[in-house]
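Heads up, the thing below is written out as structure tokens.
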Amino acid sequence: MIGREAEFRRLAGLVDSARRGQGSSVLVSGEAGIGKSLLATAVVEAASSSGFEILSCHGIRGGGAAGFEGLHELLLPLLDRIDALPPRQHTALDVAFGGEGEPADRLITGLAVFGLLEKAAAASPLLVLIEDLHWLDRSTAEIVTFLAARMGVMPALLVATTRADPMYPDQESRFKHHVPLTPLSEEEALILIDRHAPAMAMPQRLRLVAYARGNPLALTEWSADPSWMEGPPSAERSRLPMGKRLEKSFLAEVALLPRATRRALLVAAAGEDASSYEVMEAARNLGLDQRDFTPAESFGLITVTGDTYRFRHPLVASAVYDNADFDARSRVHAQLAAVIVDPARAVQHRAAAVAGWNEDVAAELEEVAVSTGRRGALTEAAATWRRAASLTPVAAERARRTVMAAEAARQAGAPAEAAALLAEAMPIVHDQASLVQFARTELLIATTSTALQGRRGDELVALARTLSDPADRVEILIWAAVRSFLHQDSSAEITAAVADELRRPDLAVTEEQQVLQGIGLALISAADPIASVERALSIFQQQVRDTDATLLNCLAFAVEGTNDLTEAERVWSTEVEIFHRSARTSDETVAFAGRGTVRVTANAIAAGLADSEHALRLSSELGMSVVGALAAANIARARAWRGEHELATSALQTCAELSGLTPFARVAAIASWASAQTAANEHRPDEAVAHLLKSIEHPPIGVWAGGDLADVAVRAGRPEVVHGWLDMATTALASRDSDHLAMLIERSLALLTPGSGAKEHFEQAIRRGQQSTASLDLAKTRLSFGEWLRRERRIMEARDQLSAALHVFESHHAKPLAQRATQELRAAGGGELTLSPPNTLDAGSVLTAQELHIAQLAAEGYTNKQIADRVYLSHRTVGVHLYNAYAKLQINRRSQLAAVLASTLA
């Protein structure tokens, strides 16, 4: 531990904190040979002697092709406890390890692992060691970084080691602590040399210190063989990274071995993912035997540990492998492929043995890619599809496999990689099936991330006209309608072209195609509303394909376009249930964000906030930036309703960060609406007007946001800006009646009408509002009417309206409007009127959105494990949230929840 005392003390302190229940995670990083493994070993020994259970796995250079190998190694001692997990988490791990069932999103798999660790940590503190994170299979690495952010809730410490090298992903931000290992000082280096080579003369020691640059492995290796430093130092050698310099020194050592031993070392280096039995069998097939490994073992270059060959240092293996020519490596990989039992690993070795195109191996890789994807190891599936494509001689097949690689990358949460693969495939995609899959993947990326914009509507129409299959034509035209609706940037000519194609009588043959045709038309034409929502939902409930998520979203958008927010919420809720039932967490997240939008617009603030907070958390876990931006914008709007300025501003900042340089029109419109509400709360009407005018540029959102425009426009002295929205909203109302929208229109007309003529509009607005469920907008209408009545000196009538408004504002925690109503009541002689009953405890004000969501599910009768499956937490974490909720609500039994929550989510 020379020169690592401070780092060891820091890690030992984290072990001690974990023992006391304050868990954490730490990433130990540094160049090759800097001492990461030695430090990790010392920490493991200290933890083990303190009663910690040790779980570990390690990455292997060139391994991990099938995915989850590292995770299986890590969890092997805990798999007998898997039955304690909630059902979906149990299934997720089963499938990841090769069992039957549908693959789960990585979030569910991560929660399953977290749940197992929680259960194990309840019996004894844990130390989880991940060695060589940079070489770990990517599916396991994603789980590790997922865990790293969550270890604080249990007596456990996660320690991971990784190389500090630009060629590997930078994971530092995912860990609570970071311990970078720097080179030893000259003094420390001399002490280390003295330990290993006490007879070395001082001039040689100083020369070694200069060559080794404080790298412990270099110091120890080269002190045993000073010949590495003979001759004048070369500029070329000094420019080499330390890893390469060490590899060269190891090669010099390997060069002293017999030729057969060098060949045996190559078999072991190429077969690091294989057992010692498989390595030996491959070696025998190459004319080698056990005796050929003996000299390398005597030199200490390789040992047999358990049933695997382990090199003294990973750099020995990489030096041996990288220095061999392709022909030698090819022969070794071919023999390994012949003896390795696992089909996925065998195919990878067969692929490594191939030079140029080889359709047989490409076809085998495709089978592996499909099976790997079925287990949920989508990152590895994408890599395998890509390798298969690179070996494919026929352009059409190469295009198909590249497109499938892009789709796997998209599903793995790597939209930028998926977009790059699509760009690679575009010049050679010609067959109809690949063209449709290309367009499908392209749109799914474009609707959930900022990685690409996708093709314009007219380009998609042109593609549709080339397709012979009616189902494919309908699907592509739907994508054109979706593209036009979401971005709201298509010209009238493009929109008309899409509508004309969708209206063709010979387009839709089956019932499903007719439903899709109706959805597409409803998205781009107010004259073509959805004929039957029930019929559409029945089609989607029969099966859930990859594209159905977007199509269901389009159905919800189309229903929103009819001004029926209640029906739109029902569609989004149906989506939540469909996708939850089929373990499609990403799609479920989109549905939560969509339902949150509708609920906040419909004045169900607490429920909309709970949905949006949930969607933001899940989108962050799943890397869905656009969905996260939408959720954050809705959170800002809900917080603005409540006058929570700092929280609203923070949510808007999150929205901006997630939106990128070109935010989606829908997201930008909702964010502008939230900004307008905040500005209005702070008595900045000019700014509120500017934000609302931006919202109105996106009609699906603007038709509702514009209902707030008249109030601030009149205050800003700009009533004329309201007329454009009034024309748009009146047209929308004429196409489909809505009590809520009618109220907003009548209220706006009242605020713009001078003199006594306003009264009729106010009264009509209240009549329509009373027939809706929009209690807050109705209360705002009463507030505006009360203000008008007071100015008209009709004091008693004003008090009635203002009192009714204040009651609603207080029950919904709409503080800015409650304060405004209170001031008006005082001016009308209402005194210090407060309508909230004394000592009333409101769940919506004392619980976090997540606690409220969990408490609501508990009140509905769900068990902790069932709640864990629904909200994507471990069941122990659910228990903690419920315990906190009980304390805040001043109750002590689950049976009391229903009464306490009765009015909160109304």
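What's the angle, to the nearest 10 degrees (0 to 90), between helix 106-123's Cα axis and the longest principal axis of the chain?
Result, in degrees: 70.
What lysines does K815 reach when the alpha-carbon gap must be under 30 Å and sequence neighbours fewer than 8 apart in one chain are set aside?
Of all the lysines, those that pass the test against K815 - Cα under 30 Å, at least 8 places apart if same chain - are K694, K759, K780, K888.
Counting Lys and Arg as +1 and Asp and Glu as -1, each charge on the Cβ, what is the dipole of the chain about the Cα centre in debye, to the nearest 20? Each step should come with its number before you reach the end.
Numbers: 89 positive and 111 negative charges, 373 e Å.
In debye, rounded to 20, the chain gives about 1800.
Within straight cross-link reach of K244, meaning Cα distance under 18 Å, which lysines are found once same-chain residues fewer than 8 apart are removed?
K36
Could you list C554, C655 in order of exposure, starting from the residue whose Cβ has the fewest other Cβ atoms within 10 Å? Kindly include the intermediate steps, with their values, before the conclusion.
Values: C554 23, C655 26.
Listed from fewest to most nearby Cβ atoms, that is C554, C655.
Nearest 10 degrees is fine. How inclined is helix 565-581 to the longest principal axis of the chain, computing both from alpha carbons?
Helix 565-581 and the main axis of the chain meet at about 20 degrees.
Among the lysines, which fall within straight-line cross-link reach of K865, defined as a Cα-Cα distance under 21 Å, with same-chain neighbours fewer than 8 residues apart omitted?
By straight Cα distance, K865 reaches K119.
Per residue of the stretch 792-809, in order, report the coupling 6.51 cos²θ - 1.76 cosθ + 1.60 (Karplus, θ = phi - 60°) as ³J(HN,Hα) in whole Hz, putting x for Gly and Pro.
Here the 3J(HN,Hα) series is 7, 6, 9, 5, 5, 5, 4, 4, 4, 5, 5, 5, 4, 5, 4, 4, 5, 4 Hz.
Report, to the nearest 10°, how far helix 511-524 tilts away from the longest principal axis of the Cα atoms in the chain, using its own Cα long axis and a range of 0 to 90°.
In the chain, helix 511-524 runs at an angle near 70 degrees to the longest axis.
For the stretch 209-222, take each phi angle, set θ = phi - 60°, evaluate the Karplus expression 6.51 cos²θ - 1.76 cosθ + 1.60, and give the result in whole Hz per residue in order, putting x for glycine and proline.
Values per residue, Gly and Pro as x: 4, 5, 6, 7, 6, x, 7, x, 5, 4, 4, 6, 5, 7 Hz.
With only Lys, Arg, Asp and Glu charged, each at its Cβ (+1 for the first two, -1 for the last two), find how big the charge dipole of the stretch 756-882 is about the Cα centre; round to the nearest 20 debye. Mind showing how you got there, number by number?
Working: 16 positive and 14 negative charges, 47 e Å.
In debye, rounded to 20, the stretch 756-882 gives about 220.
Based on the mean of other beta carbon atoms within 10 Å per residue, what is the order of 363-375, 109-121, 642-654, most packed first? Please report the intermediate quantities before stating the final value.
On the way: 363-375: 20.9, 109-121: 23.7, 642-654: 18.0.
With the highest mean Cβ count within 10 Å placed first, the list reads 109-121, 363-375, 642-654.
Once phi is turned into θ = phi - 60°, what whole-Hz ³J(HN,Hα) does the Karplus curve with 6.51, -1.76 and 1.60 give for every residue of the stretch 732-741, x standing for Gly and Pro?
Ordered by residue, 3J(HN,Hα) equals 4, 5, 5, 7, 7, 5, 8, 4, 5, 5 Hz.
Using Cα-Cα distances under 8 Å and only pairs 6 or more residues apart, what relative contact order does the chain have, in percent? Write down the numbers at each step before the final one.
Numbers: 1436 pairs, mean separation 72.5, N = 906.
Here the relative contact order equals 8 percent.
With each run of n ≥ 4 DSSP H residues scored as -39500 (n - 2.57), what mean residue ellipticity at 222 nm is computed for the chain after dividing by its residue count and rounding to the nearest 500 deg cm²/dmol? Don't jump to the answer; show the numbers that get you there.
Details: 48 runs with 591 residues, N = 906.
Taken over the chain, the calculation gives -20500 deg cm²/dmol.
Which one, V15, A40, A149, projects farthest toward the positive side of the charge dipole computed for the chain from Cβ point charges (K/R +1, D/E -1)?
Selected residue: V15.
Quick one: divide the alpha-carbon radius of gyration of the stretch 433-581 by 2.2 N^0.38 Å and tell me what you get.
On the way: Rg = 14.2 Å, N = 149, 2.2 N^0.38 = 14.7 Å.
For the stretch 433-581, the normalised Cα radius of gyration is 0.97.
Would you mind telling me the antiparallel percentage of the DSSP bridges in the chain, rounded to 5?
Details: 4 of 26 bridges.
Looking only at bridges with both residues in the chain, the antiparallel portion is about 15 percent.
At q = 0.05, 0.06, 0.08 Å⁻¹, what log₁₀ I(q)/I(0) does a Debye calculation on the Cα points of the chain give, no solvent, two decimals?
Listed by q, the Debye log ratios stand at -0.37, -0.52, -0.86.
Where a number appears in this text, it was derived from the coordinates with a stated rule and is not lab data. Model, not experiment: these values are computed from the prediction. Note: ideal-geometry Cβ built from the backbone for every residue, glycine included; neighbour counts use all protein chains shown.
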